[in-house]
Amino acid sequence: MLKTTIIILSFFITAGIYSNAGMPLKIKTVVINSYGMHCTGCEETIETEIKKLDGVKSVKADHVNKKVTVKYESTKTNPNSIKEAIKSAGYRLEE
Ligand SMILES: [Cu+2]
């Protein structure tokens, strides 16, 4: 009887662990300083390049404040890949 209870309990605990591991998306936000943007056209160029990355949920480039804000799934991409995308769009990470 006790053994059965333990088996049933451990089943539920295990099921709980797996559903937690599989379910929630890990969305992170990163703000990257980016230089060389002069207008909204530049913002669009950077945004288009970053959106090509798998796992990017949203991207907002801001040429006035020289920042690019990106929401991404941390299991699919990372800040380094986003920085590479900014560089291949023709913009700089340092002033
Ligand atoms: Cu421009």
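The values are calculated or read from the model by the stated rules, or taken from the named source; none is laboratory data. On a predicted model such as this, the values are computed, not experimentally measured, just so you know. Heads up, the Cβs are rebuilt from the backbone with ideal geometry, glycines too, and the neighbour counts pull from every protein chain shown.
Here are the numbers:
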read-out	value
Some residue of the range 36-55 being modelled with pLDDT of 95 or more, within 19 Å of the chain's Cα centre (by Cα) and on the phi > 0 side of the Ramachandran plot	yes
Residue 71 vs. criteria surrounded by 13 or more Cβ atoms within 10 Å (Cβ to Cβ), within 19 Å of the chain's Cα centre (by Cα) and touching a residue at least 12 places away in the same chain (Cβ under 8 Å)	yes
From 66, 83, 51, 76, residue being in contact with a Gly (Cβ under 8 Å, 6 or more places away or on another chain) and either surrounded by 15 or more Cβ atoms within 10 Å (Cβ to Cβ) or within 21 Å of residue 26 (Cβ to Cβ) (or both)	76
The range 29-46 residues that are farther than 16 Å from residue 72 by Cβ and without any contact (Cβ under 8 Å) to a residue 60 or more places away in the chain, paired with ones that are among the hydroxyl-bearing types (Ser, Thr, Tyr) and within 12 Å of the ligand (Cβ to nearest atom) (beta carbon under 9 Å, 6 or more apart)	36/91; 37/45; 37/91; 42/91; 45/91
